[in-house]
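Here the structure comes first, spelled out in structure tokens, and everything after it is commentary.
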Amino acid sequence: MALGCSSQSVQVDGSRVVETLTRLANMSDHENPAVTRILFSPNDMLARKFVKDLMRENHLTIREDAMGNIFGRLEGSNPSAGVVLTGSHCDAIPLAGMYDGTLGVIGAIEALGALQRAGYKPARPIEVMMFTSEEPTRFGLSCSGSRAMAGALTPEVLESKLDSGGKHFLQVANEVGYGGTSTQEMLDATRVPEGAVSHFVELHIEQGPLLEREGLDIGVVTAIAAPAALEVLFVGDGGHAGGQLMPDRNDAGLAGAELALAVERHVLATGSVDTVGTTGTFEIAPGAINSVPREARLAIDIRDIDGPRRDQVVAAVLKSAEEIAERRKVRMSSRIINQDPPATCHADIVEAVAASAGAMGLSTKRMVSRAYHDSLFMARIAPTGMIFIPCKNGWSHRPDEFSSAPDIANGVSVLALTLARLSGGSWPKAEL
Ligand code: GLV
Ligand code: MN
Ligand code: MN
């Protein structure tokens, strides 16, 4: 008797996923369509409850770890086997959109619902998860949850990151019911034991324009670029905007402006479209129209899929900062916040995603992810891959971020079939 045809029996309702994403988008510090959801804020806690309720409705067994990563499990016939894990994040940077990260959580819950409706029985257990704080907004550190799961976070690093209220992660985690008695204990409890995860797959919007521009359905991700984050501080003497003569100034704001332009110059000098650099924050103080800036603080993000090439740009930017400081007679200090290596997606998952899309008759493109994701850290502990769907004009991290219901249904279906392949379970027998 033939086996049931998985690509036809998995039914995903894209409009229902959009409707769920829209409800989630209302848990936001800014009014829709803008979404702002900061780690452990009241809206983040509401979103966590929303995700757990949805997991329960889809018959998943819930577990949370000490960092607040949330897991929903669909048991397999081989419960002691390493788990096939999928998921993404629900935190959102200020004035973001409603699909970044959330698609990979809500879409994954829908994928597990669709597999159950189709009568699929997993062999390896399958879990969907919501990572804690993929975005760096509150503590200036991206991917806190997945870093900790991968054992890539030390107490010293985590405790050195303070939020705007001067608190570190453990303090705010304890306030909302996560955490532990020490940062070390919390990190130890979060670290994933070796072999516990057999595969990791993340569904995400592309956050770039290529799929839409080329009219393609699914991006099969082969590598994930990694950012280096730097902070540079220039300090001058300041002065009166009228009284201080131009030759007597050491204007920290102008030193910062020169450095922002140097970032662009060094990035473009690699000649590769894969190298990108952004001066994302640039604060000057005291910040008065009639005051020569005393201080300029820049946060700079430099990314590439080629780690050594990215590191050369970082070194060139820091050298420029020193040269500018000397010429403009300002004091300078800098620190590297993180400088993570890029990741390569595992061939088994790349093939499983491509085959699943092929079984549905969808067009695909092998592509790199220029945005970072929790997958970057999951790749350190398990074979990892990603599935991209198109998003309008490649827009992301802005309120008008958009992916269509049909594209969402495609992505969720490909995820469901990929999870089924990796779990190695069984489909119901086809009716004859
Ligand atoms: C993730 O949000 C990134 O900045 O790539
Ligand atoms: Mn993001
Ligand atoms: Mn994201």
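Expressed as an acute angle from 0 to 90° and rounded to the nearest 10, what is the orientation of the C-alpha long axis of helix 42-57 relative to the principal long axis of the chain? Once rounded, one gets 10 degrees.
When restricted to Cα atoms, segment 355-432 yields an Rg and a Dmax of 15.3, 51 Å, respectively. Charged side chains reduced to their Cβ positions (Lys and Arg at +1, Asp and Glu at -1) give the chain a dipole of some 340 debye around its Cα centre. Annotation for LEU162 and SER404: the two label points, set 7 Å from Cα along the Cα-Cβ direction, are 5.0 nm apart. Note on GLU19 and ALA196: the model spin-label points, each 7 Å out from Cα along the C-beta direction, lie 3.6 nm apart. Can you list the trypsin sites (Lys or Arg not before Pro) in segment 9-106 that are in a DSSP coil and have 10 or fewer other beta carbons within 10 angstrom? Answer in residue order: no site qualifies. Every helix of 4 or more DSSP H residues in the chain counts as -39500 (n - 2.57), and over all residues that averages to -11000 deg cm²/dmol at 222 nm. What residues from segment 75-115 fall in the zone where the backbone N is under 20 Å from a label point 7 Å along the Cα-to-C-beta line of HIS59? Correct set: 75-80, 84-86, 106-115.
Treating r as the C-beta distance of GLU231 and LYS121 and R0 as 45 Å, the FRET efficiency rounds to 0.35.
Ranking ALA262, GLN339, ALA321 by Cα position along the charge dipole of segment 226-339, where only Lys, Arg, Asp and Glu carry charges on their C-beta atoms, puts ALA321 farthest toward the positive end. In a fully extended conformation the segment linking ALA347 and GLN171 would gain 59.3 nm over its present Cα-Cα distance, using 0.36 nm per residue. Heavy atoms of the protein chains alone define the surface here; on that basis segment 226-339 has 52 Å² accessible area per residue at 1.4 Å probe size. Sorting the segments 97-104, 117-124, 161-168, 178-185 by their residues' average number of neighbouring beta-carbon atoms within 10 angstrom, most packed first, yields 97-104, 117-124, 178-185, 161-168. The share of accessible area on the chain that comes from carbon and sulfur is 53 percent, using a 1.4 angstrom probe.
Placing one identical point scatterer on every Cα of the chain and ignoring solvent, what is log10 I(q)/I(0) from the Debye formula at q = 0.07, 0.10 Å⁻¹? Here log10 of I(q) over I(0) equals -0.36, -0.71.
Computed from the Cβ-Cβ distance with R0 of 45 Å, the FRET efficiency linking GLU326 to ASN393 stands at 0.60. For segment 286-376, evaluate the Debye formula with one uniform point scatterer on each Cα (no solvent term) and list log10 I(q)/I(0) at q = 0.11, 0.12, 0.14 Å⁻¹, rounded to two decimals. These q points yield log10 I(q)/I(0) values of -0.56, -0.62, -0.72. A Förster distance of 35 Å, applied to the separation of the beta-carbon atoms of LYS49 and ILE336, puts the FRET efficiency at 0.45. Solvent-accessible surface of segment 357-417, taken per residue with a 1.4 Å probe and all protein chains present: 31 Å².
The values are calculated or read from the model by the stated rules, or taken from the named source; none is laboratory data. Predicted model, so just to flag it, every value in this text is computed and none were measured. Every residue, glycine as well, gets a Cβ built from its backbone with ideal geometry; the counts of neighbours run over all protein chains shown. Heads up: the accessible areas ignore ligands, DNA and RNA and are worked out on the full protein's heavy atoms, side chains in. Shrake-Rupley method; radii C 1.70, N 1.55, O 1.52, S 1.80 Å.
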